[in-house]
Every structure is written in structure tokens, then in C-alpha cells.
Amino acid sequence: MTATTLPSPGPIDRSCRSPLFALFGGAAGWLALSSAFGLAAAMTFHNPALLAGCSVLTFGRAYPAWAHLFIYGFGVPTALGAGLWLLARLGRIKAMNPALITVGAKLWHVGVLVGLLGIVTGDSSGFEWLELPRYAAVILFLAFMLMTVWLFMTFSWRAEPRLYPSQWFVLAAVFWFIWIFSTAVFLLQMHPVRGVVQAAVAWWFAGNLLNVWLPLAGLAVTFYVLPKLSGKPLHSYYLALFIFVTVALFGSWTGMPVQAPLPAWMGIFSSTAAALMVVPALALGILVVKTSGGGDQPPCFGGVLCFAKFGAFMLILATLLAAVAACPVMARVTEFTWFTEGQVLLRLYGFFAMTLFAAVYHILPRISGREISPRRVRAHFWLAMPGSLLLALPLLAGGVRQGLRLADAAVPFQETARAAVLWVRISTLGETLIALGALVYLANVGWLILSHYRALLKREMTDALAWQPVEVKS
Amino acid sequence: MKTETSQPTGTGEIEPTVTMTAIPVWLMALLFVLLFFGAWYFDLYGGWFDARVYAPYRSVPDLARYQPNSDPDANFVAFGKKLYSENCAVCHMETGVGNPANGCPPLIDSEWVHHEAPDRMIMLISRGLTGPITVNGKVYNTGTMLAVGDSLPGDEKEKSAKIAAIASYVRRHFGELPGVVKPDHAEAVRAGIKDHSGYFTAEDLMKAP
């Protein structure tokens, strides 16, 4: 730890400051709250009576609140903020109209709050990853459009014509979100389609959100942070392009369970696509290892680079697990068990959150002009990393066990359910670590933002003090 | 740990670059192998986008096998359908529209197919047909139908059964006639034309019931 003050930020970083403070700051708060709801939801497995008196904290509300806050409270704004900064930096241009983006960011947080209130008062839509009621969805959509207009402007007025892979990923992620979110809200909440189609749309949305949007938004950061921090160029332009195309192509078909009560071709097509996702996963592996691996690399002790690397590897692992689970033999065992949940949580916490943390820890010091102590980052890493593994891995193992027991007619259902609780216990331990990590994160982000204002205030004061004698003298 | 703080913050900071290394060949090979097996898997289980097919069933014919079957003759007619595809569809097409350009009349809307008694059908399948024939108001004269029935494999009994099956399918499917043609009846008709050599003509057929 050398200096606490960095050289003052350049014009590009300064232009991103207010929108990113709004996006990152709010998101960090939502993440902490989301973890709290996650823990409350998990408590129902251990002691159902504990929170039963409070309707807000019952599973049916706490779980959707957790999901809503994680995706819309934390994920989308953090990714969008990182995307804005990447477009500005890589395009060598100041963010366009940061004031309106800031307004959009605040409106977004209002939308998240409205959605949360809707969910905890029993107004949830009941669709996974789209729990927010439709009035909240409208606010979110408007806020998103308000922000992305200026994101596109920033991109199209860029001074650097050459494109870097991260830029495609950011833009595609933005487009993808607009597309899937508007379609799902329209077809599920505004003019609900009927019957089987409803389930199909809901699964389509979830698949696209988890298997296309998360990778696109996350890898934009990975492909920037990895080469930059390891001081090497990104290994291959073509591999990045290959990942981009295959994720968009195959990922958008994933999501329908093989055994779902849908026409057979949907599940079969989906599981084929999930198996094909192995290819971009391996490509990502090559890219990560070749870019940031090698003997001259210092070991990972929990810095920004470790967040990004761990995140990328967890995406690979989660994708491989999803591909294995898509095989018919495995699907018969794991589908509709804790396994799926474990795979998704690995994707959310292991990959997506970790990657976004890397982005924020990389970006925030640059725009605030304040250094963050590596100890604080490390503390977060050593809570979040084991936390995400402890959260997901027991569910994966427990899911397989549960599936085998469910298939065994001699084992009563009650017993299967009871046996699974053991795994859920371990995983709740992981969730607790994650929640602690989220608090550290909130403290880190809050500290960076506040210390910026404190420094600003101090400078104003000293300026004011230094100025007076000058005036007196003249 | 290499800290990013050693670099100046702001626009002076060096942005990452990317090299143009090619994609490894094995990755492409893997993609195509997976695509191949994916397509194969889909073909086996996917039901070809038919909204009626739900797991664990694989295709429409697969579903049909599980339908409660009240028709005792279904298997016989299905056998006839298979034989029709193998022996007749080259000329009359799977759909029965025929191939008028080559003098091959349609079986759809044909008075010969709709004809109540099956004898003529058995005869023409057995020995073939030549010369002018009027089907649905149109005269066909340029083609000759071969003695498909006689050249079917098997002894006389088997031939008769196969011809009866084909006739049953054609009459049901293109003629909307209920019931089936009994193999015994086909055998009897064939016994009656034992002495006839060469193709039949439409005139010959008219003499039969």
C-alpha cells in the first residue's frame, strides 16, 4: 500500500463519475439487502417457524426479493456502469450527457425499490428472474432506455475507431437486455400469453438472461481486466469473436428443461444448445489461460485480477455443468433438483458477481481518484470466493443425491427431502460468507465514494483558506 | 502483486490490446462433432418441431403406436402402405397424384380406385396395364404399368396376401372405401387370370366385376 491518493482522474474518468457513483453505489446497497433476503429465504429450510410470523420474510417473498435485488438491484446497474466506463475508455471519449445517465440510474434504483415493495407485499409476478410487478418493470425499462441512449451516443461518437472485444460485448449485452426484458414483460405481464406458451416464454427469458446476458455483460469486463492487469495483450481476437458468436447463437436456445411439459422439440433443442455451449466455454478457458497465465504471473492473493480470473473459471465450470446436466442420462437425475439451483448460483455468485467486483474495484479508484487498500479488497475476496463455492458445490452434490433418491421408488419422498436439508445447511454457510462479503463490498464502495467527497470538501476548504490570504495580500 | 496503481490514472493509461492468434483447429473440430451429434440427437428425439409430441415420446409415428387401436385391420393396411411406398410410389407418387407427363394416371379421384369390387385392382396390380385408359375424364395412353404384383417376392400365397394388402391400402387411402381386400379373394381372382399372358388393357378389366 503506497499512496492513498491517486493522480487526479483524467477528463474521461471524471465524466463517468456521477453516473458510476449512482450506479455502483446503489447497486452495492441492493446487493447487501439481497443477501439478507437470501439468508432469510434459506432460514425456512432450517427453522421454518423462525420467521413465519413476518410475511415479508417467508420463503415465497424473500426468495423472489433476493432474486430481484440480485439481478435488477445489483447486476444490471453494475454491469451497465462498467459498460459505460469501458465504452468511454476504449472509445477515448468522455461519457455523453452524464447528468441524464445519472438521472436514469436514480430512476432505475427507484424502479428496483418499487419492484421490491411490490414483491414483499405479495404483488410478485411469479416468474423466475422476472418477479417484479409490471409497474416496476415499466420504470426499469424507461430508466434503462434513458441510460442506454447515452451509452450508444458515447459509443458512436468515439474518437478511437478501432474496436476492442469488450465493446462488442457491452453493446450486445445492452441490446440483449432490451430485447429479452421487453419481450418477457410484454408477453408475460402486459398481454400474458396462455397455457404452455407462458412457461415457454418464461424459460426462454431465464435461459437468455442467465446464459447469454450474464456472459456477455461479464466477459466484457473479463476481457478488459485480464489483459490490462496481467500486462499482456488479450490472447486472440478470433477466439473472442468466436465466443461472442457462439454464446449469442447457442446460449439463446438454452433454458428449457428436457422433461418440462413442453413439446419435446423445445427441451431437446435446448439441451443440444447447452451441450454446444461447451465450445465457447473451452474457448474462454484458452483465452484466460493464455492471457493471464504463465510463469511470470504472481500468485493470486485476492486482488482485482483474482476476482476476474476466478469469475471466468466459474463461468466455464458452470457452463460445463449445465452441459453435463443436459445429457439425457444426467437430466433424468438432476433436473428439478438442487443441482440446477447450484449451477445457477455458481454462475451468479461465482462468475457474474465476482467479475463485476473486479470491474468496480478497478474502475472506482480511477474515477474517484482515491486508492482502496488492497487489504479491503482481499478481505472481500476471501469471503466471496469461498462463499460462492460453499454455496453452490453442496447443492450440486446434494442435487445428484436427491435425484437418485427421487428415482428410487423404495425411498419415501419425505426422506429424500429431509436428506437434502443437510446439503442446504452447508450451502447456507456459504451464503452467510457471501452476505458478509456483500457488507465488506458495500463498505468498500461506500468508502471510495465518500472519501472522494471528503477529499473534495477538504480541497474546497483548503482552497478557500489558501485563497483568503492571497486576496488580502493583493 | 502487480498493482495497477503504478500506471497513471486517466487517459494516459495504456488500454489493453488484442493479438490476432488463430482459433485452434481442434476447437473447430469439436464444434462440428458436437453439431453433428446435436443434429442426430435432435432427429432421434426432437419430434421435428411437432407441437403434438411431448417427452418421453419422440415423433408422431411413435405417438401413433401408443394410440388405442380399435381397427383390427390397421396392421394389414399399414403393411400395404409400406408395400405401396416400395412398389407403386415411383410412378403414382406417395400422395397418389400420379405422373401425368409420363402417362401415369393419378389414384386420387380415380373411378378405378373407387370401384366397389376389388377384382380389377387385383388384376391390374398382378399383370400390369397398357393401352388407353380414362381416369377422371382424361385419357392416358402413353404409359405402361408393369406386372408389379407378379414380380413381388414369395410364393403364390404370399403374393396374393401382399397384393391384397396393397389394394386394401389404395382403396382405403385414395378411394375412401371401408374394409379390406381378403388375401383369399385375391388368390381366387389370380387363379382366374392364370391363363392370361401379357399386360391387361382397360377393356379386359371392364369385363371383370
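For region A:112-158, taking the residues that are of a type in the set (D, E, K, R) and open to solvent by 50 Å² or more (accessible area, probe 1.4 Å), the one that is farthest from A:A202 (Cα to Cα) is identified as A:R158.
Quick check on this structure: which one of B:D62, B:D43, B:D71 is more than 7 Å from every other protein chain (Cβ to nearest Cβ) and assigned to a loop (DSSP other than H, G, I, E, B)?
Details: B:D62 fails: assigned to a loop (DSSP other than H, G, I, E, B); B:D43 fails: assigned to a loop (DSSP other than H, G, I, E, B).
Step by step, each of B:D62, B:D43, B:D71 is checked, and only B:D71 is more than 7 Å from every other protein chain (Cβ to nearest Cβ) and assigned to a loop (DSSP other than H, G, I, E, B).
Only a single item in (1) closer than 30 Å to A:F242 by Cβ; (2) open to solvent by 90 Å² or more (accessible area, probe 1.4 Å) is not met by B:P72, and it is number (1).
Return the residues of region A:371-419 that are among the charged types (D, E, K, R) and either open to solvent by less than 10 Å² (accessible area, probe 1.4 Å) or part of a helix (DSSP H, G or I) (or both); say none if nothing qualifies. Quick ask: steps written out before the conclusion?
Going through region A:371-419, the residues among the charged types (D, E, K, R) turn out to be A:371, A:375-376, A:378, A:401, A:405, A:408, A:415, A:418.
Of everything in region A:371-419, those that are among the charged types (D, E, K, R) and either open to solvent by less than 10 Å² (accessible area, probe 1.4 Å) or part of a helix (DSSP H, G or I) (or both) turn out to be A:R375, A:R376, A:R378, A:R401, A:R405, A:E415, A:R418.
B:S126: open to solvent by 20 Å² or more (accessible area, probe 1.4 Å), closer than 16 Å to B:E86 by Cα and of a type in the set (S, T, N, Q), yes or no? No, not satisfied. Quick check: anything in region A:272-281 part of a helix (DSSP H, G or I), open to solvent by 50 Å² or more (accessible area, probe 1.4 Å) and at the interface with chain B (Cβ under 10 Å from one of its Cβ atoms)? Checking region A:272-281: not a single residue is part of a helix (DSSP H, G or I), open to solvent by 50 Å² or more (accessible area, probe 1.4 Å) and at the interface with chain B (Cβ under 10 Å from one of its Cβ atoms). Exactly one residue among B:N136, B:N141 is in contact with an Asp or Glu (Cβ under 7 Å, 6 or more places away or on another chain) and farther than 21 Å from B:A78 by Cα, and that residue is B:N136. The residue that is farthest from the other protein chains (Cβ to nearest Cβ), counting only those in region B:46-59 that are open to solvent by 50 Å² or more (accessible area, probe 1.4 Å) and assigned to a helix (DSSP H, G or I), is B:W48. Among residues of region A:63-91 that are farther than 18 Å from A:R14 by Cβ and assigned to a helix (DSSP H, G or I), those with a Cβ under 7 angstrom from a residue that is hydroxyl-bearing (S, T, Y) and open to solvent by less than 10 Å² (accessible area, probe 1.4 Å), sequence gap 6+ or separate chain, pair up as A:W66/A:S34; A:L69/A:S34; A:F70/A:S34; A:G73/A:S34; A:F74/A:S34. Looking at the structure I just gave you, is A:P257 closer than 19 Å to A:T334 by Cβ, touching a strand residue (DSSP E or B) at 6+ places or on another chain (Cβ under 9 Å) and in contact (Cβ under 8 Å) with a residue 60 or more places away in the chain? No; evaluated as a whole, the condition is false for this residue. Scanning region B:188-209 for residues that are within 13 Å of B:S126 (Cβ to Cβ) and surrounded by 14 or more Cβ atoms within 10 Å (Cβ to Cβ) turns up B:V189, B:R190, B:I193, B:Y199, B:F200, B:D204, B:L205, B:A208. Every condition in (1) out of contact with any Asp or Glu (no Cβ under 9 Å at 6 or more places or on another chain); (2) outside any helix (DSSP H, G or I) holds for A:A260 except the one numbered (1). Residue count for region A:328-367 under the criterion of being within 12 Å of chain B (Cβ to nearest Cβ), open to solvent by less than 10 Å² (accessible area, probe 1.4 Å) and out of contact with any Ser or Thr (no Cβ under 7 Å at 6 or more places or on another chain): the result is 7.
The set of residues in region A:143-162 that are within 18 Å of A:F223 (Cα to Cα) and out of contact with any helix residue (DSSP H, G or I) (no Cβ under 8 Å at 6 or more places or on another chain) contains only A:R162. If you go through region B:13-40 and pick out every residue that is surrounded by 12 or more Cβ atoms within 10 Å (Cβ to Cβ), of a type outside the set (D, E), facing chain A (nearest Cβ under 8 Å) and more than 36 Å from the chain's Cα centre (by Cα), you end up with 8. Only one entry of A:L346, A:L422 meets the criterion of being in contact (Cβ under 8 Å) with a residue 40 or more places away in the chain, part of a helix (DSSP H, G or I) and either in contact with a strand residue (DSSP E or B) (Cβ under 7 Å, 6 or more places away or on another chain) or of a type outside the set (S, T, Y) (or both), and that entry is A:L346.
Which of the residues that make up region A:227-241 are in contact with a helix residue (DSSP H, G or I) (Cβ under 8 Å, 6 or more places away or on another chain) and at the interface with another protein chain (Cβ under 8 Å from one of its Cβ atoms)? Please lay out each step first, then the result.
At the first step, the residues of region A:227-241 found to be in contact with a helix residue (DSSP H, G or I) (Cβ under 8 Å, 6 or more places away or on another chain) are A:227-230, A:232-237, A:239-241.
Listed by number, the residues that qualify are A:P227, A:K228, A:L229, A:S230, A:P233, A:L234, A:H235, A:S236, A:Y237, A:L239, A:A240.
A single member of B:L152, B:L146 is open to solvent by 20 Å² or more (accessible area, probe 1.4 Å), out of contact with any strand residue (DSSP E or B) (no Cβ under 7 Å at 6 or more places or on another chain) and assigned by TED's automatic domain parsing to the domain that holds B:G80, and it is B:L146.
Table: residues versus (1) within 29 Å of A:F177 (Cβ to Cβ); (2) touching a strand residue (DSSP E or B) at 6+ places or on another chain (Cβ under 9 Å); (3) surrounded by fewer than 24 Cβ atoms within 10 Å (Cβ to Cβ).
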| residue | (1), (2), (3) |
| --- | --- |
| A:L31 | yes, no, no |
| A:T44 | no, no, yes |
| A:R61 | yes, no, yes |
| A:L80 | yes, no, no |
| A:W85 | yes, no, no |
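Out of contact with any Asp or Glu (no Cβ under 7 Å at 6 or more places or on another chain), within 11 Å of chain B (Cβ to nearest Cβ) and either part of a helix (DSSP H, G or I) or surrounded by fewer than 23 Cβ atoms within 10 Å (Cβ to Cβ) (or both): does that describe A:F244? In short, no. B:S160 - would you say it is hydroxyl-bearing (S, T, Y) and under 27 Å from B:P72 (Cα atoms)? It is true that B:S160 is hydroxyl-bearing (S, T, Y) and under 27 Å from B:P72 (Cα atoms). Within the bounds of region A:198-213, is there any residue that is within 25 Å of A:T355 (Cα to Cα), touching a helix residue (DSSP H, G or I) at 6+ places or on another chain (Cβ under 8 Å), open to solvent by less than 20 Å² (accessible area, probe 1.4 Å) and of a type in the set (G, A, S)? Yes, because at least one residue in region A:198-213 is within 25 Å of A:T355 (Cα to Cα), touching a helix residue (DSSP H, G or I) at 6+ places or on another chain (Cβ under 8 Å), open to solvent by less than 20 Å² (accessible area, probe 1.4 Å) and of a type in the set (G, A, S).
Could you tell me which residue of region A:92-108 is nearest to the other protein chains (Cβ to nearest Cβ), considering only residues that are surrounded by fewer than 23 Cβ atoms within 10 Å (Cβ to Cβ) and in a helix (DSSP H, G or I)?
That would be A:P98.
The values are calculated or read from the model by the stated rules, or taken from the named source; none is laboratory data. Quantities reported herein were computed from a predicted structural model and do not represent experimental measurements. Note that each Cβ is placed from the backbone with ideal geometry, even for glycine, and that neighbours are counted across all protein chains shown. The area values use the complete protein model at the heavy-atom level, side chains included, leaving out ligands, DNA and RNA. Shrake-Rupley method; radii C 1.70, N 1.55, O 1.52, S 1.80 Å.
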